[in-house]
Amino acid sequence: MVYSKQMISEGKIDEAIARLDNFLVQHPDSDEAYFLRGNAYSKKNDFRQALNNYLRAMELNPNSPARQAHTMLMKIMEFYNKDMYNH
């Protein structure tokens with residue numbers, strides 16, 4: 001897990017996602033892995049996947065840091081998408 005976190009911070013996003021995918025096959029109840037994978041998808045600007053991973057992490061652990069990440073990402077999306085509603 002620590003290595004995946006480091007990979008994300010170093011910008012090795014696709015490698016980190018692949019590593020987390022493999023980890024989750026063996027540990028499907030790891031809220032930390034879903035949180036980290038959400039962070040990786042967020043860095044790729046794949047917000048749908050990021051939100052899905054954050055939601056899964058929160059289902060597994062209501063106290064997961066994914067809750068804060070999910071809230072922040074939703075606020076960012078609401079801010080950037082406001083103009084869509086004003087046309």
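The values are calculated or read from the model by the stated rules, or taken from the named source; none is laboratory data. The structure displayed is predicted, hence computed values, not measured ones. Positions of Cβ are generated from backbone atoms using ideal geometry, with glycine treated the same way; all protein chains shown enter the neighbour counts.
Kindly indicate whether residue 33 is in a helix (DSSP H, G or I), modelled with pLDDT of 95 or more and surrounded by fewer than 17 Cβ atoms within 10 Å (Cβ to Cβ). When the stated conditions are applied, residue 33 does not pass them. Before we move on, is residue 42 over 16 Å from residue 72 (Cβ atoms), of a type in the set (Ser, Thr, Tyr) and surrounded by 13 or more Cβ atoms within 10 Å (Cβ to Cβ)? Spelling it out, it is not the case that residue 42 is over 16 Å from residue 72 (Cβ atoms), of a type in the set (Ser, Thr, Tyr) and surrounded by 13 or more Cβ atoms within 10 Å (Cβ to Cβ). Scanning segment 22-35 for residues that are within 19 Å of residue 69 (Cβ to Cβ) and either among the aromatic types (Phe, Trp, Tyr) or without any contact (Cβ under 8 Å) to a residue 24 or more places away in the chain (or both) returns 23, 24, 34, 35. Remark: residue 60 falls outside the filter, which requires a residue to be over 20 Å from residue 1 (Cα atoms), in contact (Cβ under 8 Å) with a residue 24 or more places away in the chain and of a type outside the set (Ser, Thr, Tyr).
Could you list, in sequence order, the residues of segment 8-39 that are closer than 19 Å to residue 77 by Cα and of a type in the set (Lys, Arg)? Answer for segment 8-39, where residues must be closer than 19 Å to residue 77 by Cα and of a type in the set (Lys, Arg): just 37. Looking across segment 2-17 at every residue that is assigned to a helix (DSSP H, G or I) and small (Gly, Ala, Ser), the one that is surrounded by the fewest Cβ atoms within 10 Å (Cβ to Cβ) is identified as 9. Inspection of segment 63-79 identifies no residue that is loosely packed, with under 15 Cβ neighbours inside 10 Å, assigned to a helix (DSSP H, G or I), charged (D, E, K, R) and at pLDDT 95 or above. Of all residues in segment 18-30, those satisfying the criterion of being in a helix (DSSP H, G or I) and among the charged types (D, E, K, R) are 19, 21.
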